[in-house]
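Engineer: Before I ask anything, here is the structure I am working with.
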Amino acid sequence: DGETLRRDLRTNRFYGSLSTENHSVELHALKSQGDMFLSSAVGNVPKETYKETDFIGLSTNSKFLNDSLTLNMSYTNADNDFSSEYTLGKGIPYNPFVPAIQFTDYKQTIEEESFTASLKKEWNLDSHDITLGVRYRYKYFDLEDLKFDGAGIGFNQPYKRERVYSIFLEDSININENNLITLSVMNQEYVRNGEAENQNTTQLRLGYIYTDKEWVSKTFLSSQEFASEPYMTVSPHYGNVNLEAEKYTSIIQEVSYSDLNTISKVFLAYGIYENMPILDTAFTIQNAKNEVVSHLAAAEFTLLFSKKDKLELQANYFYLESPYLDKSTKHYNYVIRMLNSINRFDIYNELAIHTGYDNVDNGYGYSAGIKYELDRDLHLNFKGDNIFNSGLEQSFINQINPLTGEITDSITVPKIERRFLVGMEYLF
């Protein structure tokens, strides 16, 4: 009725693997049908949604020369069908390609295919552990099958194929049994046929790790460039073929202490984004003109009562400047988790509190589960997530003025789903 939107999904999966001492093959197949909710809806909130996915993935792993040479290959193929229907007189969206025309039916098919091959060689030379590798990735993606009220829009995708050539080098330097220095560098060339320019990116990382019986300290400095995400450049809804590569520079510090009954961790991070992709007033992806600063602080404490009984406490704070030069984002999350084992029962309880998210109301989520061991190889389990349906709620756009871009109506829906799972696990 335009007010209640389902998010049901039925998924069938198959997974199989074969392995020998030096070789392995894995096959993963998936077919899902159901509601896409708001994940791929266009513009406003629809009356009905549908999504169907067919996926198959095949991967191999082979080791040679006493496991010092590794060859990995993988192939994936996926077809995704999306559709949305809208009720007359209830927030009908405007065609993003012909703003003066409204539509009541939207359909799109996305075809994807990829092949990846990587070769990695390792050497152990005195105090150096060196890894040199090369990788090739081919990706095909077609988004042109797009229709509004059964009519195509004549969309011509700027490019459909991407080839990525990568080379990387890592060196772990063992100073002594307590101190380790890590160095790594990777360069990638993105070749995009069509109207898009090629992009070249480099990633550098320097790390220092200290360990002893009780303390572990990890420090990492990094400078990472990321090519513009393909769908952001070619999307018929918001794409921009002229997007530039992003850059992220960061420093990370992690310290942990453990003894027989406790584990304590502190995690600190500071980063600067350059060329962050953002939506402009015309709902087109652009690179932000200003640097965006972020920092994160997190703490964890675990109290061990026994091998299977423990209490976990977590708290974290995240700050992100706004690339739009308006209000910054500050997130606070707190988690209390209890794991207990009583005879054949394993019991799980968790309370999570979330505050400070943009366009999201504060909330808490209580989850619980129980696992019962019928025998050594057979287990039954039951779990409930967000049991009281009191988790975060997020605001979504329901109506946009096509001439001014002003949001004239919005709705609030749960960001964290309430769900109950029943399962059986058999080991053979």
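Every residue, every condition in (1) among the hydroxyl-bearing types (Ser, Thr, Tyr); (2) modelled with pLDDT under 90, yes or no:
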residue	(1), (2)
Lys47	no, yes
Tyr50	yes, yes
Asp54	no, no
Asn72	no, no
Asn77	no, no
Thr87	yes, yes
Pro96	no, yes
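Engineer: Six or more apart or on different chains, Cβ under 7 Å: which pairs go from a residue in region 277-291 that's free of Cβ contacts under 8 Å to residues at least 12 places away in the same chain to one that's part of a strand (DSSP E or B)? Could you list them?
Structural biologist: Note: pairs meeting the criteria are Asp280/Gln286.
Engineer: Quick one: what pairs do we get from region 311-340, first residue farther than 18 Å from Gly363 by Cα and in contact (Cβ under 8 Å) with a residue 24 or more places away in the chain, second of a type in the set (Lys, Arg) and outside any strand (DSSP E or B), C-beta under 9 Å, 6+ apart or different chains?
Structural biologist: Final answer for the pair search is Pro323/Lys289; Leu339/Lys308; Asn340/Lys308.
Engineer: Can I ask one more? Give me the pairs, please: first residue somewhere in region 219-245 and under 10 Å from Thr284 (Cα atoms), second residue anywhere and hydroxyl-bearing (Ser, Thr, Tyr) and surrounded by fewer than 16 Cβ atoms within 10 Å (Cβ to Cβ), beta-carbon distance under 7 Å, and either six or more positions apart or on two chains.
Structural biologist: Note: pairs meeting the criteria are Tyr238/Thr284; Asn240/Thr284.
Engineer: Could you check region 99-110 and list, in sequence order, the residues that are among the charged types (D, E, K, R) and surrounded by 16 or more Cβ atoms within 10 Å (Cβ to Cβ)? Reasoning before the result, please.
Structural biologist: Going residue by residue through region 99-110, those that are among the charged types (D, E, K, R) are 105, 107.
Lys107, the sole residue that qualifies.
Engineer: Hey, could you check region 190-218 for residues that are basic (Lys, Arg) and within 30 Å of Asn261 (Cβ to Cβ) and say which is modelled with the highest pLDDT? Write out each step before concluding.
Structural biologist: Residues of region 190-218 that are basic (Lys, Arg), as a first pass: 192, 205, 213, 218.
Subsequent filtering for residues that are within 30 Å of Asn261 (Cβ to Cβ) retains 213, 218.
On the way: Lys213: 93, Lys218: 98.
Of everything passing the filter in region 190-218, Lys218 is modelled with the highest pLDDT.
Residue by residue, here is whether (1) within 15 Å of Glu417 (Cα to Cα); (2) modelled with pLDDT of 85 or more holds:
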{"residue": "Asn316", "(1), (2)": "no, yes"}
{"residue": "Glu321", "(1), (2)": "no, yes"}
{"residue": "Tyr324", "(1), (2)": "no, no"}
{"residue": "His331", "(1), (2)": "no, yes"}
{"residue": "Leu351", "(1), (2)": "yes, yes"}
{"residue": "Lys371", "(1), (2)": "no, yes"}
{"residue": "Leu374", "(1), (2)": "no, yes"}
{"residue": "Asn386", "(1), (2)": "yes, yes"}
{"residue": "Gly391", "(1), (2)": "yes, no"}
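Engineer: Only one of these is touching a residue at least 12 places away in the same chain (Cβ under 8 Å), within 21 Å of Phe115 (Cα to Cα) and in a strand (DSSP E or B): Val191, Val216. Name it.
Structural biologist: Values: Val216 fails: within 21 Å of Phe115 (Cα to Cα).
Of Val191, Val216, the one residue that is touching a residue at least 12 places away in the same chain (Cβ under 8 Å), within 21 Å of Phe115 (Cα to Cα) and in a strand (DSSP E or B) is Val191.
Engineer: Of all residues in region 149-177, count the ones that are surrounded by fewer than 13 Cβ atoms within 10 Å (Cβ to Cβ), over 29 Å from the mean Cα position of the chain (by Cα) and not β-branched (Val, Ile, Thr).
Structural biologist: 7
Engineer: Further, regarding this structure: For Gln199, indicate whether it is among the polar types (S, T, N, Q), buried (at least 17 other Cβ atoms within 10 Å of the Cβ) and in contact (Cβ under 8 Å) with a residue 60 or more places away in the chain. Let's see the steps before the verdict.
Structural biologist: On the way: among the polar types (S, T, N, Q): yes; buried (at least 17 other Cβ atoms within 10 Å of the Cβ): yes; in contact (Cβ under 8 Å) with a residue 60 or more places away in the chain: no.
No, not satisfied.
The values are calculated or read from the model by the stated rules, or taken from the named source; none is laboratory data. All figures in this text were calculated on a predicted structure; none of them were measured in a lab. Note that we place each Cβ from the backbone using ideal geometry, even for glycine, and neighbour counts take in every protein chain shown.
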